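All remarks here apply to the structure that follows.
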Amino acid sequence: MNVPEFHMPSEEEHKQWVQDWETVLVGRILEDEPINYSRKQVCGISEEEGDQLITKPLDESVPKPWLYESSDGQQMVKASLIPGCVRTIGPNMPVTLDFRPTRLNISYDEGRRITNVSFC
């Protein structure tokens, strides 16, 4: 398998990733939890492909099946469909301190409304 060489994102790249994802996710309701890579591989997305997709700027012309509106008008996010490494973090939830610069962290409140995104 030919795996692309990893490069550490610059501070500017990192800020742009966060800004792009904040624009799309903050304020929406989180419907579900992310799925692990083995399940994504069954769906045809490898870990490397997912990491490449999640760190690219979000293009308005590209479909985003993870974003939708519920029948009652709520803006929703289906985390299981976001490509790449995703971790959801609820209120008072413990998290590991391992550093993964291409992991999208989605923080949410008691009502599952997304309050913050970060990469680490």
Name every residue in the range 64-97 that is of a type in the set (G, A, S), touching a Pro at 6+ places or on another chain (Cβ under 8 Å) and farther than 11 Å from I29 by Cα, in order of residue number. S80
Scan of the range 90-115 for residues that are of a type in the set (F, W, Y) and open to solvent by less than 30 Å² (accessible area, probe 1.4 Å), ordered by number: Y108
Flagged in the range 65-89 as open to solvent by less than 30 Å² (accessible area, probe 1.4 Å) and part of a helix (DSSP H, G or I), in numbering order, are A79, S80
What's the number of the only condition in (1) open to solvent by 60 Å² or more (accessible area, probe 1.4 Å); (2) modelled with pLDDT of 95 or more; (3) of a type in the set (G, A, S) that S61 fails to meet? (2)
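The values are calculated or read from the model by the stated rules, or taken from the named source; none is laboratory data. Since the model is a prediction, treat every value here as computed from it, not as a measurement. In this analysis, Cβ positions are derived from the backbone assuming ideal geometry, glycine residues included, and neighbour counts consider all displayed protein chains. Surface areas here come from the heavy atoms of the whole protein model, side chains and all, with no ligands, DNA or RNA. Shrake-Rupley method; radii C 1.70, N 1.55, O 1.52, S 1.80 Å.
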